[in-house]
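Below: one structure, written as structure tokens.
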Amino acid sequence: MGIAAHRWVMTAPNAPLVREAFDATPGPGEVAVAVAGCGVCHTDLGYYYDGVRTNQPLPLALGHEVSGRVAAAGAGAESWLGKAVIVPAVLPCGECDLCKRGFSTICRKQKMPGNDIQGGFASHIVVPGRGLCAVDEARLARAGLTLADVSIVADALTTPYQAVRRAGIAPGSLAVVVGAGGVGGYCVQIAHAFGARVVAIDVDDAKLAAVGQHGAALTLNSRNLDGKAIKSAVVEFAKANGLRTTEWFIFECSGTAAGQLTAYGLLVHGATLSVVGFTMDKVEVRLSNLMAFDARAIGNWGCPPEYYPAALDLVLDGKVAIKPFVEPHPLDEINRVFAAVHHREIKKRAVLVPA
Ligand SMILES: [Zn+2]
Ligand SMILES: [Zn+2]
């Protein structure tokens, strides 16, 4: 009996990931998802290369950008059986006071695959049978996408979706996205889909060229410009396009100290600074600029499961392109793929696909 499954576990930072067999039989209220694809996120590399601690002790399979098909369901979760789903990167408990008051992103009992529970670099993942996002496979096929492609909706797309939504972008807003990579590229497209004119800033010309074709009206390479020159360029862009020089929406998606300083330096009166990327590094800023500019800085952790269908709709309706930004690789080559992503040899979002 049981469901024969395997996963690639991290035993220690920087040690080769190891394939191990396990039984994916779900418990009551749980489902086993046969993984179609699992995206490799900067956060996974942080655990693996930088020694960021996972909540569950090692050995642990990383991976929190999962799509797949429900292969088995425990008691009470039978309605999911056979469905194509996206597993949210953060699964709130749905029952605590925070969840009931609509603050599910800060639920203290939330489970993040590849951090709190075994993750998606595996043939199967066992997760709670609640809050999953069903994928309409007919629409998926019409959009020219595979189930593995939309794994990145689980985090790379929904995290900026939540950030854009929370920031309050409206048609006519000016948005500046710092870091046009895995998450930032989608932030550009989503802000654009919400009606903003978008400026993208990065140090990589290839990434800037890509977002220039998908949602960014102006791209700036911060390698060639100092903070003042960047801010002047955005002011010029605003004036030339009839946009406000106040109330900018700034999204820090690079997860680097340099990017955070660039983002902070773009504060204007009434600005909203959303911190979307993560780094262990520290920066020195004059916090009182928030006061002087009557600005606000907000964090963003995950995305409530109830927003996933609307975020997926942007993809299925063609408002957000993902195909040019994902690159499938065999799961069995995970050690090579991690290294290649780490060394920036793979520029697109790598999605690991089980054989
Ligand atoms: Zn992630
Ligand atoms: Zn909860």
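The values are calculated or read from the model by the stated rules, or taken from the named source; none is laboratory data. Please read these numbers as outputs of a predicted model, since none were measured by experiment. For neighbour counting, all protein chains shown are included, and Cβ atoms are generated from backbone atoms with ideal geometry for every residue, glycine included. What goes into the accessible areas is simple: the full protein's heavy atoms, side chains included, and nothing from ligands, DNA or RNA. Shrake-Rupley method; radii C 1.70, N 1.55, O 1.52, S 1.80 Å.
Please go through segment 56-82 and pick out each residue that is small (Gly, Ala, Ser), without any contact (Cβ under 8 Å) to a residue 60 or more places away in the chain and not in a loop (DSSP other than H, G, I, E, B).
Ala73, Ser79 - these are the residues of segment 56-82 that are small (Gly, Ala, Ser), without any contact (Cβ under 8 Å) to a residue 60 or more places away in the chain and not in a loop (DSSP other than H, G, I, E, B).
Just to be sure, is Ala77 on the phi < 0 side of the Ramachandran plot and within 15 Å of ligand 1 (Cβ to nearest atom)?
So Ala77 fails the test.
Looking only at segment 122-162, which residues are within 16 Å of ligand 2 (Cβ to nearest atom), touching a Pro at 6+ places or on another chain (Cβ under 9 Å) and assigned to a strand (DSSP E or B)?
Scanning segment 122-162 gives a single hit, Val127.
Out of (1) within 25 Å of Arg223 (Cα to Cα); (2) crowded, with 16+ Cβ neighbours inside 10 Å, what's the single condition that is false for Leu316?
Only one criterion is unmet by Leu316, namely (1).
Every residue in segment 64-89 that is more than 25 Å from Ala141 (Cα to Cα) and touching a Phe, Trp or Tyr at 6+ places or on another chain (Cβ under 7 Å), please.
The answer is Ala73, and nothing else.
Being open to solvent by less than 10 Å² (accessible area, probe 1.4 Å), in a loop (DSSP other than H, G, I, E, B) and either among the aliphatic types (A, V, I, L, M) or free of Cβ contacts under 8 Å to residues at least 60 places away in the same chain (or both) narrows it down to one residue among Ala200, Ala180; which is it?
Only one candidate passes the filter, namely Ala180.
Taking Gly242 as the residue in question, decide whether it is farther than 20 Å from Gly185 by Cβ, without any contact (Cβ under 8 Å) to a residue 12 or more places away in the chain and assigned to a loop (DSSP other than H, G, I, E, B).
yes
Quick test of your reading of the structure: Arg53 fulfils all but one of (1) within 16 Å of ligand 1 (Cβ to nearest atom); (2) touching a residue at least 12 places away in the same chain (Cβ under 8 Å); (3) surrounded by fewer than 13 Cβ atoms within 10 Å (Cβ to Cβ). Name the failing condition by number.
(2)
Of everything in segment 83-121, what is in a loop (DSSP other than H, G, I, E, B), more than 16 Å from ligand 1 (Cβ to nearest atom) and among the small types (Gly, Ala, Ser)? Give them in sequence order.
Within segment 83-121, Gly94, Gly102 meet the criteria.
Could you tell me which of the residues Ala15, Ala21, Ala36 is surrounded by fewer than 15 Cβ atoms within 10 Å (Cβ to Cβ), small (Gly, Ala, Ser), more than 16 Å from ligand 1 (Cβ to nearest atom) and under 25 Å from Gly182 (Cα atoms)?
Matching residue, one of Ala15, Ala21, Ala36: Ala15.
Among the numbered criteria (1) within 16 Å of ligand 1 (Cβ to nearest atom); (2) of a type outside the set (Val, Ile, Thr); (3) open to solvent by 10 Å² or more (accessible area, probe 1.4 Å), which one does Gly29 miss?
The failed condition is (1).
Name the single residue that is farthest from Ala170 (Cα to Cα) among those in segment 269-278 being in contact with a Gly (Cβ under 9 Å, 6 or more places away or on another chain) and open to solvent by 30 Å² or more (accessible area, probe 1.4 Å).
Among residues in segment 269-278 that are in contact with a Gly (Cβ under 9 Å, 6 or more places away or on another chain) and open to solvent by 30 Å² or more (accessible area, probe 1.4 Å), the one farthest from Ala170 (Cα to Cα) is Phe278.
Those residues that are touching a residue at least 12 places away in the same chain (Cβ under 8 Å) and assigned to a loop (DSSP other than H, G, I, E, B), I need them from segment 333-355; list them, please.
Ile346, Lys347, Lys348, Pro354, Ala355
May I ask you to list pairs of residues, at least six apart or on different chains, whose Cβ atoms are under 9 Å apart, with the first in segment 35-47 being closer than 19 Å to Thr146 by Cβ and at pLDDT 95 or above and the second being near ligand 1 (Cβ under 9 Å from one of its atoms) and open to solvent by 10 Å² or more (accessible area, probe 1.4 Å)?
Close Cβ pairs (under 9 Å, with a partner that is near ligand 1 (Cβ under 9 Å from one of its atoms) and open to solvent by 10 Å² or more (accessible area, probe 1.4 Å)) amount to Gly39/Asp155; Gly39/Gly182; Val40/Gly182.
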